[in-house]
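The values are calculated or read from the model by the stated rules, or taken from the named source; none is laboratory data. Because the structure is a prediction, the values reported are computed rather than measured. Positions of Cβ are backbone-derived with ideal geometry, glycine not excepted, and every protein chain shown enters the neighbour counts.
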Amino acid sequence: MKVKVISVLEDNYMYLVIDEQSKEAIAIDPAVPHRLLEIVSREGVRLTALLTTHHHWDHARGNDALVKELPELRVYGGDDRIPGLTDKVTHGQELKFNAINVRCLFTPCHTSGHMCYFTWEDDCTDSPAVFTGDTLFIGGCGRFFEGTVEQMYHNLTEVLGTLPLDTKIFCGHEYTIKNLKFASLVEPENEKARDDDDKPTVPSTLLEEFEYNPFLRLSEESVQKFTGKTDPIEVLRVLRKEKDNFKKPKERVLPHAMLALEWGLLRP
């Protein structure tokens, strides 16, 4: 199972998951269809299905164009609002695309129909993967647009948090740096959360998330101290509110002449 990470729009990710034996592929959240088709052509594979995590335009807007281009495409998702939906899936439902297995994980909160997709390959020793859309990010979690803190708590602890620890996390946005800035505010003594040099991006693993993602560390004394709460759901409620109001420190903006000096293009 080969996963192509495709950066699109301002900070989105879409993914192409390839069965290297059959040369068939499935795509997750294909927001920019022409870009996806370019990579499908370059990889020499046949696209057979789309898995959509949720209906928001920056994840699902490419569905209609892709179905128009490839009429036999199946479009899977957990929400009737998803464009081009052909197959509505439910929690725990398993799909099979040649050697690639997919288990649908219902994670309502960011949207009421949000679905994550846990994938693994037959007879393969590689780590499994989960495509988490806007539910779980590297170092963070999604906003509670259409759901409750109780739902997100369930998503993070009972659904995603119980997957194998070596599961690779492929999320819907590149929010890592800002998320880790917030994590270091929550737990300033956590060196893993403060490591800016590596600038981690997709994928991480579930084990790594347990080490530095405060939204998966709700029972840690340091996280509880930051929120002033001990009940995990209340800890999560406060964390999300604080994260909503968190602003990454502004980067220094220089006039063009100063930039030129710094880059060595002008003599001082």
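Things to note:
- Considering each residue of segment 233-255 in turn, none proves to be over 17 Å from residue 140 (Cα atoms), outside any helix (DSSP H, G or I) and at pLDDT 50 or above.
- Flag if residue 94 is without any contact (Cβ under 8 Å) to a residue 12 or more places away in the chain and either closer than 26 Å to residue 10 by Cα or touching a strand residue (DSSP E or B) at 6+ places or on another chain (Cβ under 7 Å) (or both): yes
- Residues (closer than 17 Å to residue 51 by Cα and either assigned to a strand (DSSP E or B) or of a type in the set (Val, Ile, Thr) (or both)) located in segment 120-135: 120, 121, 129, 130, 131, 132, 133, 135
- Considering residues of segment 5-43 that are buried (at least 18 other Cβ atoms within 10 Å of the Cβ) and charged (D, E, K, R) only, the residue farthest from residue 103 (Cα to Cα): 24
- Taking the criterion of being among the small types (Gly, Ala, Ser) and free of Cβ contacts under 8 Å to residues at least 24 places away in the same chain, the residues of segment 201-247 that qualify are 219, 228.
- Scanning segment 75-99 for residues that are surrounded by 14 or more Cβ atoms within 10 Å (Cβ to Cβ), part of a loop (DSSP other than H, G, I, E, B) and of a type in the set (Gly, Ala, Ser), we see that the one that is nearest to the chain's Cα centre (by Cα) is 78.
- Subset of segment 7-35 [among the aliphatic types (A, V, I, L, M) and modelled with pLDDT of 95 or more]: 14, 16, 17, 18, 25, 26, 27, 28, 31, 32
- Residues (of a type in the set (S, T, N, Q) and within 23 Å of residue 223 (Cα to Cα)) located in segment 103-131: none
- Residues in segment 151-172 include at least one that is at pLDDT 95 or above, closer than 24 Å to residue 83 by Cα and part of a strand (DSSP E or B).
- A search for C-beta distances below 7 Å between a residue of segment 107-119 that is under 15 Å from residue 240 (Cβ atoms) and in a strand (DSSP E or B) and any residue that is of a type in the set (Lys, Arg) and at pLDDT 95 or above, counting only pairs 6+ apart in sequence or on different chains, returns nothing.
- Top-ranked residue in segment 1-43 [being within 15 Å of residue 53 (Cβ to Cβ) and of a type in the set (Ser, Thr, Tyr); ranked as nearest to the chain's Cα centre (by Cα)]: 13
- Criterion: over 28 Å from residue 148 (Cα atoms), part of a loop (DSSP other than H, G, I, E, B) and among the acidic types (Asp, Glu) - qualifying residue of 10, 72, 38: 72
- Whichever residue in segment 77-93 is touching a His at 6+ places or on another chain (Cβ under 6 Å) and not β-branched (Val, Ile, Thr) and, among such residues, is nearest to residue 62 (Cα to Cα): 81
- Top-ranked residue of segment 44-68 - restricted to ones that are surrounded by 21 or more Cβ atoms within 10 Å (Cβ to Cβ) and among the hydroxyl-bearing types (Ser, Thr, Tyr), ranked as nearest to the chain's Cα centre (by Cα): 53
- Filter result for residue 143 (surrounded by fewer than 21 Cβ atoms within 10 Å (Cβ to Cβ) and more than 28 Å from residue 235 (Cβ to Cβ)): no
- All positions within segment 97-131 that are touching a strand residue (DSSP E or B) at 6+ places or on another chain (Cβ under 9 Å) and charged (D, E, K, R): 103, 121, 122, 126
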